[in-house]
Structure formats: C-alpha cells, structure tokens
Amino acid sequence: MQKRKGIFLVMAIMLIVGSLLFAAGGKEVGPSKAEAAANLEESLKVDTSVLKAADGQPLLRLATEVPSVPKRPADPEALPESNPLRWYDMEYAGWESNKINIPESPKDGAKGKNVVMIVHGDHPWTTACITGANKVADAYGMNLKVLSPNWDLSVQNQMIDQTINERPDMLLLIPLDATTSVQQARKINQAGIPFIFFNTLPTAEAVDYTITWTGPDDFGQMRQLAKVFADELRRRNPGARELGIAYIQHSPGGSPYFARSYGPLSELAGYAPEVVTLDMQAPGFEADRTTQLVSDWLTRFGSRLKGIFAADDSAQALGIVEALKKAGRTDVVVVAAGNSKIGMDMVSDGSLFAITYQTAEGDGALAVQTAADWFNGVELPNRRDLPQHIITQKDVADFYPPQW
C-alpha cells in the first residue's frame with residue numbers, strides 16, 4: 001500500500017510539472033537576464049537588408065507610402081459594389097484597429113525562437129514564399145516550421161489547434177477565409193500565442209487580435225493595375241463609348257477574391273466610366289476551365305469584349321490566351337495579378353499587357369522579419385505593406401529570373 005501511494009505521489013508531481021511546462025510554452029527553464037540581453041544584442045546585429053530574392057530584387061522591401069485612409073461609412077455594405085467605400089472594412093483592415101489582449105514583446109532576441117507558419121495551400125507561389133521565409137529565419141537562427149492545409153479551411157483550423165497545443169513563440173498565419181478569420185484570431189489570442197496574419201487580409205475585427213498584418217496591398221495594387229488597363233483599352237479603342245470587360249476571379253472567400261475583382265471594378269467606375277463589366281466568374285485555377293469560360297464569353301459577347309482582368313497570371317492567364325488564340329482575337333487587352341514565370345513570359349511576348357509585382361519570397365520574408373522585430377522589441381505599425389509596382393514589356397526583363 002505504501003509503495004502504491006508513493007507511485008501516485010510521483011505521478012501527481014509529474015502532472016503538476018508537466019502542466020507548468022505546458023503553460024510556459026514547453027520550455028523547462030527560461031533564459032537568464034544576461035542570456036536574454038546577449039541574445040537580443042546578437043539579434044539586433046543581424047542585417048537582412050543584404051538578402052536577395054531569386055529574381056535579384058531585394059528580399060525585404062516595405063511600401064514607402066502610407067495610404068490616406070478615408071472616413072469609414074456608417075454602413076459600407078449598404079453601398080453599391082461600384083463604390084470603393086463598399087470595400088472599406090477589407091481594404092483598410094488594420095490601419096485603424098483597436099488592439100485586444102496583445103502580448104508584450106519579451107525583448108530577448110530572435111535567436112532560437114520557435115515559429116510556426118501556417119500557409120493556405122500547396123502551390124509554386126507558396127514554395128517561393130516559404131523559401132523567402134527560411135532565408136530570414138536562417139539569418140536570425142530561428143526554428144521555422146511550416147504547415148499547409150492545402151486549401152482546406154477545416155484542416156487549417158485543426159492546424160491552429162495543434163499549434164496552440166505546441167505553444168510556439170510565434171504563429172504566422174495566412175487566413176484562408178476572410179469571414180471566418182475573426183474566429184481564428186480570437187482563439188489564438190485567447191490562448192496567449194503571439195501571432196501575425198500575413199499575405200491575405202482578414203476582416204478588420206480579426207486584425208484587432210493580432211500583433212500586426214504584413215503582405216501586399218492587394219486592393220491598392222489592383223487599383224493601379226485597373227488604371228493601366230483602362231489607359232490601354234482607351235488607346236486601342238479611341239473614342240469608344242463602351243469598353244466591355246470581364247473578370248476571371250480568385251477562389252471565393254479570401255481577400256484576393258474581393259480585391260482582384262471588386263477593387264478594379266470600383267476603381268474603374270470613377271476612373272473610366274465607359275468600361276462596362278460584362279461578366280465575372282471564378283473558374284478555379286485549371287487552364288482548361290478558363291479556356292472554356294473565355295471561349296463562351298467570346299461567343300456570347302463577340303466584339304463587345306475588349307478586355308479581361310484575371311486574378312492569376314499563370315494557369316488562368318494560359319487559359320485566356322489559348323481561348324483568344326483559337327478565336328483569332330488579338331485585340332483583347334489582358335492583365336493579371338502576380339508575376340510568375342508564365343506571366344512574365346507572356347508579358348514579354350505581348351500576350352499579357354501588364355501584371356503586378358507580387359514578390360512571393362518577399363511576402364514570406366516580411367512575415368518572419370516582423371516576427372524577429374517583435375522578439376527584438378521593435379515597435380510595430382498596425383500593418384506592414386509590400387511595395388506596389390506594375391510590370392509591362394518596358395521593364396519585365398528587370399524581374400528575371402522569376403521567383404516561381
């Protein structure tokens with residue numbers, strides 16, 4: 001009996017110790033003040049500005065201009081889709097956030113920190129994004145673990161639960177669905193895990209629960225592309241009273257779905273009111289499906305179709321160009337988001353008129369850099385945007401070799 005009591009006592013002590021370790025993030029002993037100070041000093045000496053992406057561009061660059069944030073309408077969703085302010089809560093998410101329960105930086109350096117990155121899905125862009133993230137993680141000596149739900153929201157939610165149980169020093173998350181991002185953010189926040197959203201925008205409410213957000217200003221970049229698009233449509237169709245266009249949309253749910261169709265649509269309503277939307281559909285990312293859709297448009301709209309705005313410059317762009325080639329239509333202006341090798345090659349040969357510079361490596365790198373800055377005690381803004389640029393034949397050569 002006495003022996004059994006002793007076993008129970010040992011088990012109870014182990015459970016208590018295990019609970020304490022779990023609450024402490026799985027770390028048996030935290031660094032001493034001297035160790036933390038030395039780690040911080042070493043981390044602050046790291047110079048990531050010298051790192052390069054595969055295309056020869058600087059790996060880490062920030063937007064130099066902060067957008068002028070207009071006053072929020074009383075009810076943005078009551079406005080028509082053609083009004084830019086209809087998309088206020090998504091386009092300007094984070095700029096005026098009210099932070100809730102945000103943990104304080106330990107200010108003990110980035111070296112040795114355990115960071116989990118949950119992306120959206122498997123894709124060549126994602127591979128390049130992870131490459132950029134690893135470049136920065138290696139520079140700081142951080143341990144980076146990457147998880148991919150392969151475009152499945154339920155799997156992503158399971159990965160979030162798994163990460164909470166592991167108690168890493170930081171979680172970096174690409175939200176798969178903007179509308180459910182607030183539930184994800186609240187859960188991570190309440191668990192006490194420091195985290196950063198990146199790449200795709202969550203809702204404005206979700207940003208309140210995160211340290212910050214990093215990534216491309218997709219709405220801003222699409223508005224720039226829309227103007228370049230309209231200028232070329234006008235040049236090719238001088239004096240036209242109507243310029244019919246169609247949109248190949250991104251996967252429904254995430255911020256690119258809204259930014260890459262309703263961003264340009266609402267911009268063109270004011271910049272080029274003669275541009276008329278004939279149709280908008282999301283055929284996915286298979287070239288064959290896009291070819292069929294565009295072929296149907298060419299039959300349905302005929303010469304009224306003057307331009308196509310695509311959410312993707314790879315598979316979707318290939319499908320568009322194939323359909324136009326089959327129909328013998330060389331007059332249609334095509335622009336797209338992204339700058340894959342496929343897209344840049346088509347800009348080079350004139351199949352695409354313009355694309356956006358959206359650095360995949362830089363996207364992942366900026367998220368990890370921002371995590372390192374937080375560990376180092378750097379004061380962070382509510383958002384860190386990547387720079388914007390529109391690529392045409394004039395400068396496409398500057399972005400070779402492609403990142404993906």
Within the set of pairs 6+ apart or on separate chains, which have a first residue in the range 348-363 that is closer than 18 Å to Gly319 by Cα and hydroxyl-bearing (Ser, Thr, Tyr), a second that is at pLDDT 95 or above and part of a helix (DSSP H, G or I), and C-beta atoms under 8 Å apart? Ser348/Val396; Ser348/Ala397; Ser351/Ala317; Ser351/Val321
Index of the failed condition, Gly364 passing every other in (1) out of contact with any Gly (no Cβ under 7 Å at 6 or more places or on another chain); (2) buried (at least 21 other Cβ atoms within 10 Å of the Cβ): (1)
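With respect to Thr359, determine if the residue is among the β-branched types (Val, Ile, Thr) and farther than 21 Å from Arg260 by Cα.
no
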Hits in the range 267-290 (condition: touching a Leu at 6+ places or on another chain (Cβ under 8 Å) and of a type in the set (Ser, Thr, Tyr)): Thr277, Thr290
Of all residues in the range 179-196, which are in a loop (DSSP other than H, G, I, E, B) and among the β-branched types (Val, Ile, Thr)? Thr179, Thr180, Ile193
I need every pair where a residue in the range 237-266 that is among the basic types (Lys, Arg) has its Cβ under 9 Å from the Cβ of a residue that is assigned to a loop (DSSP other than H, G, I, E, B), sequence separation at least 6 or different chains. Arg241/Glu274; Arg260/Gln249; Arg260/His250; Arg260/Ala311; Arg260/Asp312; Arg260/Ala337
The condition of being of a type in the set (A, V, I, L, M, F, W, C), modelled with pLDDT of 85 or more, within 24 Å of the chain's Cα centre (by Cα) and at negative phi holds, among Ala34, Ala53, Ala78, only for Ala53
Examine the range 297-317 for a residue that is charged (D, E, K, R), surrounded by fewer than 19 Cβ atoms within 10 Å (Cβ to Cβ), assigned by TED's automatic domain parsing to the domain that holds Ala246 and touching a Gly at 6+ places or on another chain (Cβ under 6 Å), and state whether such a residue exists. yes
Can you name every residue in the range 367-404 that is in the same structural domain as Leu144 (by TED's automatic domain parsing), of a type in the set (Gly, Ala, Ser) and part of a helix (DSSP H, G or I)? Ala367, Ala371, Ala372
I need a count of the residues in the range 327-348 that are in a loop (DSSP other than H, G, I, E, B) and over 28 Å from the mean Cα position of the chain (by Cα). 5
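Here's the yes/no breakdown for (1) under 27 Å from Ile193 (Cβ atoms); (2) at pLDDT 95 or above:
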| position | (1), (2) |
| --- | --- |
| Asn83 | no, yes |
| Lys111 | yes, yes |
| Met117 | yes, yes |
| Trp125 | yes, no |
| Ser148 | yes, yes |
Give the range 67-96 a look and list any residue that's exposed (fewer than 13 other Cβ atoms within 10 Å of the Cβ) and either within 14 Å of Tyr262 (Cα to Cα) or aliphatic (A, V, I, L, M) (or both), or say none. Val69, Ala74, Glu77, Ala78, Pro80
Failed item, numbered, when Pro216 is tested on (1) buried (at least 24 other Cβ atoms within 10 Å of the Cβ); (2) under 16 Å from the mean Cα position of the chain (by Cα); (3) free of Cβ contacts under 8 Å to residues at least 60 places away in the same chain: (3)
Having 2 or more residues that are modelled with pLDDT of 95 or more and among the charged types (D, E, K, R) is the bar; report the helices (runs of 4 or more DSSP H) wholly within the range 229-320 that clear it. 287-301
Kindly indicate whether any position in the range 204-213 is out of contact with any helix residue (DSSP H, G or I) (no Cβ under 9 Å at 6 or more places or on another chain) and hydroxyl-bearing (Ser, Thr, Tyr). no
Could you say which residue among Leu62, Leu85, Leu40 is assigned to a loop (DSSP other than H, G, I, E, B) and of a type in the set (A, V, I, L, M)? Leu62
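The values are calculated or read from the model by the stated rules, or taken from the named source; none is laboratory data. It should be emphasised that the depicted structure is a prediction, and the values quoted were computed from it without experimental measurement. We place every Cβ from the backbone using ideal geometry, glycine too, and count neighbours over all the protein chains shown.
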